[in-house]
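One structure is given below, encoded as structure tokens.
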Amino acid sequence: MNIRVLNEADALLYQELRLNALKTDPGAFASTYEREVQFSIETVIDRVKPLKDKFVLGAFNQKGSLCGMVTFVREANEKMAHKGNVFGMYVDVVVRRQGVGKSLLLELIKTVKKCEGVEQIHLTVVSNHQSAKKLYESIGFKVYGTERNAIKFNGQYYDEDLMVYFI
């Protein structure tokens, strides 16, 4: 498996996996397939384009297919720039439980440690998504709160656990 920062040339691969994520696990994301399938290629390119304080990591299998991804965005506000957030963590169903998610998160932490001044990495996870929570906890993320009814999808509410990793 090869893990690297995605760039503009990876936009179509990213969008394909992202749309698959939104179809496969719609309750796990704040966005929807119906919203993102409308995105122009320019919008997708902007999403994957690495910046000083934002990057998307991709995991590629031996065939070169993108099979996992995770996004990191540092807080822009000067008083909060010691923190960053994980978004859009997803591993394709076909390769789950093979260490892809853990490898992505370990590489994310390693990459974030190179960002001067970042002390905390935050994420949210749907409270009843036990396998994702177990993965995050195995890396060292800790739950520090729960947002009740954080997501509402098709009339159903989902709570989200707030988690943090201290560098």
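Quick look at the values:
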read-out	value
Scope the range 94-121; condition of a type in the set (Gly, Ala, Ser) and crowded, with 16+ Cβ neighbours inside 10 Å; matching residues	GLY101, SER103
Selection within the range 131-146 - among the hydrophobic types (A, V, I, L, M, F, W, C) and either touching a residue at least 40 places away in the same chain (Cβ under 8 Å) or not in a strand (DSSP E or B) (or both)	ALA132, LEU135, ILE139, PHE141
Matching entry among VAL118, VAL94 (being aliphatic (A, V, I, L, M) and part of a helix (DSSP H, G or I))	VAL94
Neighbours by Cβ (under 6 Å, 6+ apart or cross-chain): first from the range 85-101, without any contact (Cβ under 8 Å) to a residue 40 or more places away in the chain and under 14 Å from LEU66 (Cβ atoms); second among the aliphatic types (A, V, I, L, M) and surrounded by fewer than 15 Cβ atoms within 10 Å (Cβ to Cβ)	none
Residue tally, condition over 20 Å from LEU135 (Cα atoms), in a strand (DSSP E or B) and either in contact (Cβ under 8 Å) with a residue 12 or more places away in the chain or among the charged types (D, E, K, R) (or both), over the range 43-65	2
Any hit, the range 75-83, residues being surrounded by 15 or more Cβ atoms within 10 Å (Cβ to Cβ) and free of Cβ contacts under 8 Å to residues at least 24 places away in the same chain	yes
One residue from ASN128, ASN149 being assigned to a loop (DSSP other than H, G, I, E, B) and not aliphatic (A, V, I, L, M)	ASN128
Scan of the range 48-97 for residues that are among the polar types (S, T, N, Q), over 15 Å from the mean Cα position of the chain (by Cα) and within 20 Å of LYS113 (Cα to Cα), ordered by number	ASN77
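So that you can scan it fast, the table gives a plain yes or no per residue for (1) among the polar types (S, T, N, Q); (2) in contact with a helix residue (DSSP H, G or I) (Cβ under 6 Å, 6 or more places away or on another chain); (3) surrounded by fewer than 16 Cβ atoms within 10 Å (Cβ to Cβ); (4) over 29 Å from LEU162 (Cβ atoms):
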| residue | (1), (2), (3), (4) |
| --- | --- |
| ASP10 | no, yes, no, yes |
| LYS23 | no, yes, yes, no |
| PRO26 | no, no, yes, no |
| VAL44 | no, yes, no, no |
| LEU57 | no, yes, no, no |
| GLY64 | no, no, yes, yes |
| CYS67 | no, yes, no, no |
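No value in this document is a laboratory result; all are computed from the given coordinates. Everything numeric here is computed off the predicted structure, so don't read it as measured data. Because the Cβ atoms are built from the backbone with ideal geometry, glycine has one as well, and the counts that use them run over all protein chains shown.
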